[in-house]
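The values are calculated or read from the model by the stated rules, or taken from the named source; none is laboratory data. Keep in mind that what you see is a predicted model, and the values were worked out from it rather than measured. With ideal geometry, Cβ positions are generated from the backbone for all residues, glycine too; neighbour counts draw on all protein chains shown. Just so you know, the surface numbers come from the protein's heavy atoms only, side chains and all, with ligands and any DNA or RNA stripped out. Shrake-Rupley method; radii C 1.70, N 1.55, O 1.52, S 1.80 Å.
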Amino acid sequence: MPPWLSVTILVVLGAALLLGMAKGWRRLRRGPDAVPAPPAVPADDALGAARTEPLDATYVSTTRAGDWLDRVGSHGLGVRSAATVAVHEAGVVVRRRGAPDVFVPRAALRAVGTSGGMAGKVVGGEGLVVLTWVPSPDDDPRGLDTGLRLRHRQEADALLAATQTLIGSTPAASGSEESS
């Protein structure tokens with residue numbers, strides 16, 4: 001094969017790769033209107049009684065519910081970070097280091113379960129706790145999945161139990177208590 005043909009093929013493949021990457025980055029950032037911003041974390045006295053202690057975790061990412069590869073990039077929801085997570089009467093609070101905190105109100109929660117992975121992290125087994133929630137009634141009814149990797153398995157079990165109890169006692173979530 002002549003050298004000019006090899007170089008031409010490599011340049012075309014490189015350009016196709018760069019275009020594909022740019023398309024993926026644009027899709028990831030979809031813009032702030034693609035997904036409503038999560039509500040701000042209420043003041044501590046408005047959160048109500050704590051159902052769990054703050055648990056050390058890694059916030060993995062948020063994806064469209066049911067599609068573990070469709071990462072949501074708007075509002076910092078796609079940023080992996082160290083975090084603490086706690087369940088309160090008002091909802092689930094994820095306090096992240098180096099990224100905006102995430103508050104999932106009680107009425108927005110639809111399900112909680114486990115998964116072996118989601119965009120940005122594959123752990124095998126059922127090592128991630130996944131919260132399924134709908135940020136606003138006008139949003140896609142499928143909602144969002146937020147993945148958390150807890151430091152200790154017993155803490156993951158405590159988070160699952162507390163969140164499931166919270167969902168079970170939420171009138172808006174009746175009939176949708178299945179795990180994801």
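The single condition from (1) open to solvent by 20 Å² or more (accessible area, probe 1.4 Å); (2) charged (D, E, K, R); (3) modelled with pLDDT of 80 or more that GLU177 fails is (3).
Out of contact with any helix residue (DSSP H, G or I) (no Cβ under 9 Å at 6 or more places or on another chain) and assigned to a loop (DSSP other than H, G, I, E, B) - does that describe any residue in the range 144-151? Within the range 144-151 (the criterion being out of contact with any helix residue (DSSP H, G or I) (no Cβ under 9 Å at 6 or more places or on another chain) and assigned to a loop (DSSP other than H, G, I, E, B)), the answer is yes, since at least one residue qualifies.
Tell me yes or no: at least one residue of the range 4-11 is surrounded by fewer than 17 Cβ atoms within 10 Å (Cβ to Cβ) and among the small types (Gly, Ala, Ser). For the range 4-11, residues surrounded by fewer than 17 Cβ atoms within 10 Å (Cβ to Cβ) and among the small types (Gly, Ala, Ser): present. Looking at the range 65-77, can you tell me whether even one residue there is modelled with pLDDT of 90 or more and either in a loop (DSSP other than H, G, I, E, B) or of a type in the set (Phe, Trp, Tyr) (or both)? For the range 65-77, residues modelled with pLDDT of 90 or more and either in a loop (DSSP other than H, G, I, E, B) or of a type in the set (Phe, Trp, Tyr) (or both): absent. Assessment of the range 85-103 against the conditions (at pLDDT below 90, touching a strand residue (DSSP E or B) at 6+ places or on another chain (Cβ under 7 Å) and of a type in the set (D, E, K, R)) yields no matching residue.
For the range 93-102, does any single residue satisfy the condition of being farther than 15 Å from GLY143 by Cβ, in contact (Cβ under 8 Å) with a residue 40 or more places away in the chain, open to solvent by less than 30 Å² (accessible area, probe 1.4 Å) and touching a Lys or Arg at 6+ places or on another chain (Cβ under 7 Å)? Looking through the range 93-102, none of the residues is farther than 15 Å from GLY143 by Cβ, in contact (Cβ under 8 Å) with a residue 40 or more places away in the chain, open to solvent by less than 30 Å² (accessible area, probe 1.4 Å) and touching a Lys or Arg at 6+ places or on another chain (Cβ under 7 Å). Of the residues making up the range 35-91, those that are buried (at least 16 other Cβ atoms within 10 Å of the Cβ), farther than 19 Å from VAL134 by Cα and among the charged types (D, E, K, R) are ARG51, ARG80.
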